[in-house]
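Input: a single structure, listed below in structure tokens.
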Amino acid sequence: MTNSEFQAVVFAAGRGTRLPEVLGDAPKCLLPVGPYPLIWYPLNLLQQHNFSEVIVVVLEQEKLEIQSALENTPLKLKLDYATIPGDSDFGTADSLRYIYDKIKSDFLVVSCDLVSNVNLYPLINKFREHDASLALLLFPSGFESDVVMPGPKSKHKPERDVIGIHAATQRLAFVSAASDCEETLNIQRHLLKNRGRLDVYSRLVDAHVYVLKKWVIDYLRRKENISTFKGEFLPHLIKKQHSKRPPKAVQDTTSDVGVVTKNEDNVLHYVPHSILDQKITQTSLFNQSLSQVPYHGDVVRCYGIQAPKEAIGVRVNNTLSFLAINRKLASIWNELCGEKHPLISPGALVKSTQTKEIIAADNAKLSEKTSLNFSVFGPNCIINPKNIVANSIIMSNAIVEEGCNIDNCIIGHRAVVKSGSVLKNCIIGPNYVVEEDTHSQAVHLSNADQFMEIDIQ
């Protein structure tokens, strides 16, 4: 039912600017999370909700690499790759405008960095019940709160939103970044009038899962000055909930040259409002308005739905969350993906006989005479004999030569650790070469700066 009613769009054109310690020139959406690339998780979630086709928005120069990586995963989805120019500075709203011609119906937008087992049907049903303009998903924060980063000591400053939700209806009142608020939060009077209790949250995470009406992208297409969806368009649309239609329809005006013009900058121009639409709203069993006028006369309606506390939900959009999901993945795997997906990929070559709770991606080569414990090995990485690796993440195409001891480290994309090295609590940057017999502890080794402190804001 969802596939015929909604289209699904996955954004995978992000440049991973908050993952510089590990990403390098690899696509963010291909970060290794357990045995699969990061983008596999939202795609698998959509597949579990009976979607059979998904539009995947990627950078033009990364399409083939992403396509090749996903072909080696157990997905049965039909993927339509929509490419955006690699030299563009597109935000998510710009990307939606760019693929406008592909959107023919109401649709879901999902970020490629979501790892979750949440049931999306309550979100979709809320959208259906109230003929909503937008419904978004919220998670409790704190998934990574008990994880300590390797490398130099640093304070993690999580990004937080301040979100206002009317308790009785789950209508969104406002969404803003906590950094944009001063010491006090001023709430306008009209947000409280006749609408019941307003709950304000500062510990909820926007999952970047949005259900949207088709007319919303029609309106967004007109607002060319808006570049980002979360930071600009979402607050803009929520504020438009208080736009009211005049008692009588305003006729189109005619310009001096005889051209009929419409007020196309007004959001109400895009919202369907036929007599049939009005009667459906008035007679809906789900009409929860506190007044005689359904929804207080609001024709733009936005909802925020909180995921259950027991649901798994994390956005892998910085190095700490990347570390946290890989550290915890083995313990939550069956709950997240089920038993049909093995933690050691069928394409991995594991010759080591001394392993405990390891995860290996496709074409990872783990040699004999190694001791490998509580670690994740990305695709195409090579672990040579006589190595000890514990509590670490070895990323895609990384190489560990013989006789190394690696404990609580992240070894970056295409990095090389040469023979005899001993690394503890270190981050090795992408493409970096650790010289033979290096002994290092609690440092970040990077081609950009040999020893640098980590900023993971």
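Some values worked out for this structure:
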read-out: Yes/no for Lys244 being in a helix (DSSP H, G or I), at pLDDT below 95, open to solvent by 40 Å² or more (accessible area, probe 1.4 Å) and touching a helix residue (DSSP H, G or I) at 6+ places or on another chain (Cβ under 9 Å); value: no
read-out: Among residues of region 49-84, those that are over 23 Å from Phe6 (Cα atoms), in contact (Cβ under 8 Å) with a residue 24 or more places away in the chain and touching a strand residue (DSSP E or B) at 6+ places or on another chain (Cβ under 8 Å), counted; value: 5
read-out: Residue tally, condition in a loop (DSSP other than H, G, I, E, B) and either out of contact with any helix residue (DSSP H, G or I) (no Cβ under 8 Å at 6 or more places or on another chain) or surrounded by fewer than 24 Cβ atoms within 10 Å (Cβ to Cβ) (or both), over region 350-404; value: 32
read-out: Of residues in region 324-336 being farther than 16 Å from Leu31 by Cα and of a type in the set (Gly, Ala, Ser), the one surrounded by the fewest Cβ atoms within 10 Å (Cβ to Cβ); value: Ser331
read-out: Residue match in region 125-141 (condition: part of a loop (DSSP other than H, G, I, E, B), among the charged types (D, E, K, R) and under 25 Å from Leu191 (Cα atoms)); value: yes
read-out: Any hit, region 310-323, residues being open to solvent by 80 Å² or more (accessible area, probe 1.4 Å) and either at pLDDT 95 or above or assigned to a loop (DSSP other than H, G, I, E, B) (or both); value: yes
read-out: Residues located in region 93-148, provided they are among the hydrophobic types (A, V, I, L, M, F, W, C) and free of Cβ contacts under 8 Å to residues at least 12 places away in the same chain; value: Val148
read-out: Qualifying residue in region 74-81 (condition: in contact with a helix residue (DSSP H, G or I) (Cβ under 9 Å, 6 or more places away or on another chain), in a loop (DSSP other than H, G, I, E, B) and under 30 Å from Tyr295 (Cα atoms)); value: no
read-out: Residue list for region 171-190, restricted to those being open to solvent by 60 Å² or more (accessible area, probe 1.4 Å) and more than 15 Å from Lys239 (Cβ to Cβ); value: Ser179, Glu182, Glu183, Thr184, Leu185
read-out: Filter pass, Glu339 being open to solvent by 40 Å² or more (accessible area, probe 1.4 Å) and at pLDDT 95 or above; value: no
read-out: Answer residue from region 145-160, given it is open to solvent by 40 Å² or more (accessible area, probe 1.4 Å), of a type outside the set (Ser, Thr, Tyr) and more than 30 Å from Asp218 (Cα to Cα) and is farthest from the chain's Cα centre (by Cα) among those; value: Lys153
read-out: Among residues of region 9-66, those that are within 14 Å of the chain's Cα centre (by Cα), over 25 Å from Lys104 (Cα atoms) and of a type in the set (Gly, Ala, Ser), counted; value: 1
read-out: Leading residue by the ranking (nearest to Leu445 (Cα to Cα)) among those in region 162-177 that are under 20 Å from the mean Cα position of the chain (by Cα) and at pLDDT below 90; value: Ala177
read-out: Enumeration of residues in region 193-217 that are outside any strand (DSSP E or B), open to solvent by less than 90 Å² (accessible area, probe 1.4 Å) and at pLDDT below 95; value: Arg195, Gly196, Ser202
read-out: Residue among Ser105, Ser68, Ser95 that alone is of a type in the set (S, T, N, Q), surrounded by fewer than 17 Cβ atoms within 10 Å (Cβ to Cβ) and not in a loop (DSSP other than H, G, I, E, B); value: Ser68
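Residues are listed down the side, and each one gets a yes or a no for (1) aliphatic (A, V, I, L, M); (2) out of contact with any Asp or Glu (no Cβ under 9 Å at 6 or more places or on another chain); (3) within 26 Å of Leu38 (Cβ to Cβ):
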| residue | (1), (2), (3) |
| --- | --- |
| Lys104 | no, yes, no |
| Ser111 | no, yes, yes |
| Leu136 | yes, no, yes |
| Ser145 | no, yes, yes |
| Lys155 | no, yes, yes |
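The values are calculated or read from the model by the stated rules, or taken from the named source; none is laboratory data. Just so you know, these numbers come straight off a predicted model, no measurement behind them. Here the Cβ is made from the backbone with ideal geometry for all residues, glycine too, and neighbour counts use every protein chain on show. SASA here: full protein model, heavy atoms, side chains in, ligands and nucleic acids out. Shrake-Rupley method; radii C 1.70, N 1.55, O 1.52, S 1.80 Å.
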